[in-house]
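The structure appears below as structure tokens.
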Amino acid sequence: MKKILIIVPDGGMLFESAGIADILMQANRLLAEESELPCYSVTLATTQQHQVIHGQSGLNLLADHRLNELDPRQPLDTIIITGRGQNEQEGTAVVDWLRLAAPHARRIASVCGGAMLLAQSGLLDGRRATTHWRLLETLQAAYPEVNVEGGPLYIQDGQVWTSGGVSAGFDLTLALVEEDYGFRLARDIAQDMVMYLRRPGGQLQFSRYNPSQAGGSGRFSSLLTWIAENLTADLCVENLAEKVTMSPRNFTRVFTRETGASPARYVNETRLAAARQRLEQTNETLDRIAELTGFGSSINLRRLFEKQLHLTPGEYRQRFHCRKMA
């Protein structure tokens, strides 16, 4: 029987930890006829001095233990952290305990902001990792020794697993079950709980990325606004540099430094963001959207979607299109 400890900081989304526990308990139910012992034993621990975990929804969850009551030297199969907590003191308590416990656990995993605590503990040094898309830049800036990746729903690097925001923890948990007991059990759980075992779309997180946020208040703020309003113009480096009276070479260097993206990448991402919005909120044809967002043709639009999002524009529209159109 594999002992799973789920550490649940206060003030988060409780369905993360509850959902993970439900998936593992479903594994127990499905294997009940084959084994007298359950395959998983799940324990919830809180960072608080009481055993009540307060969720941001106003609902509460009763933990099995306070974290400081648990001996970190006791062997565990897997430790899962479902958030980073509301304050530095709470996070530090988890990190201190985790540093002692990690050598005695087979596997460590995080959901959403829990990756910040894994990084603080040093467990992500030199490893690939992910977190909620809102925290990607924060994680990379605070811990440059971590190889942060923004696309996948979850990443395994050795004994350490990290996942993106919120429900990505369910994808990670199914992957843990598949590693432990095979594909068939993970598939059966997914089917019983009406979940994807493999989500379509390359297992990507979809951020509400707004390119104008990057360096929008700096020296190029007017240019960035102009780009967003003139997506069908010829937005080559030479033309953009001319608008701010700079040489193309110097413009590329300074623009990249201040916005975090090359001019070409920035233009592509701005056009992509505009195309995503039109796919979500209109019934325009792909050819029309490509024309209005500067891609020229639906072939070019499709090519960038598949490269950046691992979905076709049609698949993206199917997943995110507004149900009611004016």
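The values are calculated or read from the model by the stated rules, or taken from the named source; none is laboratory data. Just so you know, these numbers come straight off a predicted model, no measurement behind them. When we count neighbours, we look across all protein chains shown, and the Cβ atoms used for this are built from the backbone with ideal geometry, even at glycine. With ligands, DNA and RNA removed, areas are computed over all heavy atoms of the protein, side chains included. Shrake-Rupley method; radii C 1.70, N 1.55, O 1.52, S 1.80 Å.
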(request) Those residues that are under 25 Å from Glu137 (Cβ atoms) and open to solvent by 30 Å² or more (accessible area, probe 1.4 Å), I need them from the stretch 245-261; list them, please. (result) Thr252, Arg253, Thr256, Arg257, Glu258, Gly260
(request) Sort out which residues of the stretch 44-71 are touching a residue at least 40 places away in the same chain (Cβ under 8 Å), open to solvent by less than 30 Å² (accessible area, probe 1.4 Å) and either of a type in the set (Gly, Ala, Ser) or assigned to a strand (DSSP E or B) (or both), and write them in order of number. (result) Ala45, Ile53, Gly55, Ala63
(request) Tally the residues that are in contact with a helix residue (DSSP H, G or I) (Cβ under 8 Å, 6 or more places away or on another chain), farther than 17 Å from Phe15 by Cβ and either open to solvent by 30 Å² or more (accessible area, probe 1.4 Å) or not hydroxyl-bearing (Ser, Thr, Tyr) (or both), restricting the search to the stretch 32-43. (result) 2
(request) Could you please find all residues in the stretch 72-107 being of a type outside the set (Val, Ile, Thr), in a helix (DSSP H, G or I) and within 27 Å of Gln156 (Cβ to Cβ)? (result) Glu90, Gly91, Ala93, Asp96, Trp97, Leu98, Arg99, Leu100, Ala101, Ala102, Pro103, His104
(message) As an exercise: evaluate Gln26 against (1) open to solvent by 60 Å² or more (accessible area, probe 1.4 Å); (2) part of a helix (DSSP H, G or I) and give the number of the one condition it does not meet.
(response) (1)
(request) Looking for whichever is crowded, with 16+ Cβ neighbours inside 10 Å, more than 25 Å from Glu137 (Cβ to Cβ) and free of Cβ contacts under 8 Å to residues at least 60 places away in the same chain here; the options are Leu301, Leu292. Which one fits? (result) Leu301
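Name the residue that is nearest to the chain's Cα centre (by Cα), counting only residues in the stretch 72-90 that are in contact (Cβ under 8 Å) with a residue 24 or more places away in the chain and open to solvent by 70 Å² or more (accessible area, probe 1.4 Å).
Among them, the one singled out is Arg84.
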(message) Checking the condition touching a residue at least 12 places away in the same chain (Cβ under 8 Å), over 30 Å from Ala141 (Cα atoms) and either open to solvent by less than 60 Å² (accessible area, probe 1.4 Å) or of a type in the set (Ser, Thr, Tyr) (or both), which residue from Ala228, Ala233 passes?
(response) Ala233
(request) Would you list the helices (runs of 4 or more DSSP H) that sit entirely within the stretch 119-201 and hold 2 or more residues that are open to solvent by less than 10 Å² (accessible area, probe 1.4 Å) and at pLDDT 95 or above? (result) 168-181
(request) Considering only the stretch 228-295, give the helices (runs of 4 or more DSSP H) lying wholly within it that have at least 3 residues that are closer than 22 Å to Glu306 by Cβ. (result) 263-281, 286-292
(request) Please enumerate the residues belonging to the stretch 1-23 that are open to solvent by 50 Å² or more (accessible area, probe 1.4 Å) and assigned to a helix (DSSP H, G or I). (result) Phe15, Asp22
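Can you tell me which residue among Ser41, Ser57 is modelled with pLDDT of 95 or more and more than 19 Å from Tyr154 (Cα to Cα)?
So the residue among Ser41, Ser57 that is modelled with pLDDT of 95 or more and more than 19 Å from Tyr154 (Cα to Cα) is Ser41.
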